[in-house]
Amino acid sequence: MNFSNTIDFRSIISTADWIVFFAVLILTLASVIYGQSLKKKSKHKSDTDYNFLDLLLMGRQLTLPMFVATMVATWYGGIFGVTKIAFEQGIFNFVTQGFFWYIAYIIFALFIVKKVSNYKALTLPNLIGKMFGPKSEKLSAVFNFFNVLPIAYVISLGLLIQAIFGCSMFMGMLIGTTIVILYTLYGGFRAVVFSDIVQFFVMCLGVFLVLVFSIKLFGGIDFLKANLPSTHFSPTGGVGLATTLVWGFIALSTLVDPNFYQRVFAAESDKAARNGILISTLIWFLFDICTTAGAMYARAVIPEAASDKAYLIYAMQILPDGIKGLVLAGILATILSTLDSYLFIAGTTVSYDMVPRKWKGKVSLYHLGIVFVGILAVVMGLVFDGNIKSVWKTLGSYSASCLLLPVVYGYIFPGKIKDMQFVIASILGVITVTIWRNIPLPGFWQNVDELYMGIVATSLGLVVYGLVRKENKKVKSL
């Protein structure tokens, strides 16, 4: 077979593919409508408080199967980002976008789920407010907003629509985001969960089929070793240990990822949340094997292809008619399932966590928040020039260095960190990361990532504030 580095998607996609592709979209829409019909049958449907709780947390009725489906589906919207990294650097992607994250997931499941559930919070900033105080709640809402602003997933959706329909990336982002906004407005968290159930099965089947057909056509590991650079089999991908470990700290930001907390808050029990995360981790492991290996096959077969679309270009050339449509739908499902979750969380942050108390719980504000976040994400997608890896690195550095440590310390030493201590330490981290990113650095310091400096600054802020407070207490007691 002759494989091309570029293809015309509209000429390679058959009628059977289009039928399968749109059937998945219709099934996703039907699942959202079905989920809403279950809510309408509820005896609580006229209860305003229950309706808002349903909007945010599906009435805390998330069962284990639904928890696993929505958790797994939410995590892979940046599929063009991870396949780009795997195409360029091989198993470095599995280490930085997989292995490090599994450690964080297991820590969350075994040590944090129980602590979280005791607070009976509605959102992550709400939880932080209960742990530290009102000022910490407001500041963490700002962090939370930028952490979940779905820039990377809007870019991914724009790239996919651009590839399939030949429009500009901006138009692809705009059209795709508008559709997601509409069904998220319709059903809130319930719409996200029920759409994720369909998307979960389609996305997992899609990436699995790409790997299966790759092995069938080209063979296994021997083919990859013969056709890829040796650095593609290095855990550090040729960038060094320090740079690789930066992604380890970014992965730990899962411990302050609002999507995790949202699903734990929504779970019907602590046990369902804990087991759901552990089962999801196993599925993520298998999914990462499929995406990493698939992108490595793409590099071996079409090495000159554009790295951000190479996986898709490769998949469309090795798959038979009908299956191409399913895999396209799977990739779309992967993006949509993450975009709708992040859009929902960011909209909730604007309309619940960042507004005055008297406005909390207003559904109209939630709707405005969703629209505002969608527009901002499209604009920021243009600002980042479609670079998904840069989005993850930038937002992840702020989250891991400025919010992660105070929250983790709060779990380890409950009641020890005060409201202003949290605020000052976090702001020091923000200032340090921002300065480090934007000033020229001499010699050795050029190799020190801003994330490390942010962690140092945040830690010093916590320690120094604690020592000063302790000394002030001693002076007052004399």
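Before moving on, here are some points about what is shown:
- Each distinct pair of alpha carbons in the chain adds a 1/r term; the inverse of their mean, the Kirkwood radius, is 23.1 Å.
- Gyration tensor over the Cα atoms of the range 354-427: the corresponding equivalent ellipsoid has semi-axes (square roots of 5 times the eigenvalues, largest first) of 28, 23, 9 Å.
- Convex hull volume per residue in cubic angstrom - Cα atoms of the range 295-354: 87 Å³
- Neighbour counts of C-beta atoms inside 10 Å place THR184, THR254 in the sequence THR254, THR184, starting with the fewest.
- Arranged from fewest to most other beta-carbon atoms within 10 Å of their beta carbon, TRP445, TRP392, TRP75 become TRP445, TRP392, TRP75.
- Rounded to the nearest 20, the size of the Cβ-charge dipole of the range 9-387 about its Cα centre is 1220 debye, with Lys and Arg at +1 and Asp and Glu at -1.
- Of the residues PHE92, VAL113, ILE12, the one whose Cα sits farthest toward the positive end of the charge dipole of the range 9-387, with +1 on the Cβ of Lys and Arg and -1 on the Cβ of Asp and Glu, is VAL113.
- Over 28 Å between alpha carbons, listed pairs LYS309/LYS393; LYS358/LYS393; LYS115/LYS418; LYS362/LYS416: LYS358/LYS393; LYS362/LYS416
- ³J(HN,Hα), Karplus 6.51/-1.76/1.60, whole Hz, each residue of the range 267-284, x for Gly, Pro: 5, 6, 7, 4, 4, 4, 5, 4, 5, x, 5, 5, 5, 4, 4, 4, 5, 4
- Folded to 0 to 90 degrees: helix 64-74 orientation relative to the chain principal axis, Cα: 80 degrees
- Contact order for the chain, expressed relative to its length and based on alpha carbon pairs under 8 Å spaced 6+ residues apart, stands at 29 percent.
- Vicinal HN-Hα couplings computed from phi for the range 213-228 (Karplus, 6.51 cos²θ - 1.76 cosθ + 1.60; Hz; Gly/Pro x): 5, 5, 5, 4, 7, 10, x, x, 4, 4, 5, 5, 5, 6, 10, 10
- Centre separation in Å (Cα based) which lies between the range 154-170 and the range 404-466: 37 Å
- Temperature 4 °C, viscosity 1.567 mPa s: under these conditions the Stokes-Einstein estimate for the range 344-478, based on its Kirkwood radius over C-alpha pairs, is 74 µm² per second.
- The range 277-322 versus the range 65-107: alpha-carbon centroid distance in Å: 12 Å
- Relative to the longest principal axis of the Cα atoms of the chain, helix 48-57 runs at roughly 60 degrees.
- Cα centroids of the range 227-253 and the range 327-360: 30 Å apart.
- 3J(HN,Hα) from dihedral phi, the range 453-467, Karplus parametrisation 6.51/-1.76/1.60, rounded to Hz, x for glycine, proline: 5, x, 4, 4, 5, 5, 5, 4, x, 4, 5, 5, 4, x, 5
- Residue (of GLY35, LEU441, VAL408) at the positive-pole extreme of the chain, dipole from beta-carbon charges: VAL408
- Computed [θ] at 222 nm, helices only, for the chain once each DSSP H run of length n ≥ 4 contributes -39500 (n - 2.57): -24000 deg cm²/dmol
- The residue list VAL423, LEU182, MET453 was ranked by how far each Cα lies along the charge dipole of the chain toward its positive end, using unit charges on Cβ atoms, and VAL423 comes out on top.
- Ranking of HIS367, HIS232 by count of other Cβ atoms within 10 Å, fewest first: HIS367, HIS232
Quick note: the coordinates plus some simple rules give every number you see, no bench work behind them. This one's a predicted model, so the numbers in the text were calculated from it and none came from an experiment. Virtual Cβ from ideal backbone geometry, glycine too; neighbours counted across all protein chains shown.
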